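Just below is one structure, and these are the notes that go with it.
What follows draws every value from the coordinates through simple rules; no lab data is involved. Everything quoted here is computed from the prediction, not taken from an experiment. FYI the Cβ positions are ideal-geometry reconstructions off the backbone, even for glycines, and counts take in every protein chain you see.
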Amino acid sequence: MSDPATIAAHLQRLRQGAGAGERARTDAELDRHLREARAKRRMLGGMRLNLTPMIDVTFLLLVFFVCTTKALDKEGLLRADLSERGGAMPADALALDEPPLRVELRREDARTRVQVLAPMPQPEDAEELGFLLASRRYGPENPAGIFAADHPIELAPSADAPWEDTVAAFNAITRAGYTRVSFARPR
């Protein structure tokens, strides 16, 4: 092992830029070398900007925003009910279903009043409701109709409407050729 004086001499030579086989530089040579390095750096355009930390921060921000963005909100609009429809999707995947035609049954003056919430003549009873809806159903026999056979229809009986009148209205709607009839609560 070398003595401490030899180690100190080697460290001094390394500080001054001398390698193992080089001679030690004098202070004047070191000053001249540093001045030349500074002048060379100035001529090349000054200091260089290290972009690595800036790129790291940019990617961290990107990852943060990707992880915190809620993309599931928009997916609720996409139509993905192929098994229920039994066929191909419509041309416009964001097209919403048509609003249902609402038929309300109310008890007034000891009789059940039928009201169709649409701009059309109002029927007096369930039988007239069936004729009215049959005349408005679109098909080969009625190309001027406005509702397809699978157009949704909501039947909304009031709490005091008799069950017999509700069943009669339901049967009239299905006899008119409509296939998507559902019950709804009155407003």
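Sorting the segments 158-164, 102-108 by their residues' average number of neighbouring beta-carbon atoms within 10 angstrom, most packed first, yields 102-108, 158-164. Counting Lys and Arg as +1 and Asp and Glu as -1 over every other residue whose Cβ lies under 15 Å from the Cβ of Asp125, the net charge comes to -3. Count charges around Arg102 for me, please; just the other residues with Cβ under 9 Å from its Cβ, Lys/Arg as +1, Asp/Glu as -1. Net charge in that neighbourhood comes out at -1. Taking the Cβ of Gly177 as the centre, find all other residues whose Cβ is under 15 Å away and add up their charges (Lys, Arg: +1; Asp, Glu: -1). So the surrounding residues net to +2. Here the ratio of the Cα radius of gyration of segment 98-187 to 2.2 N^0.38 Å is 1.02.
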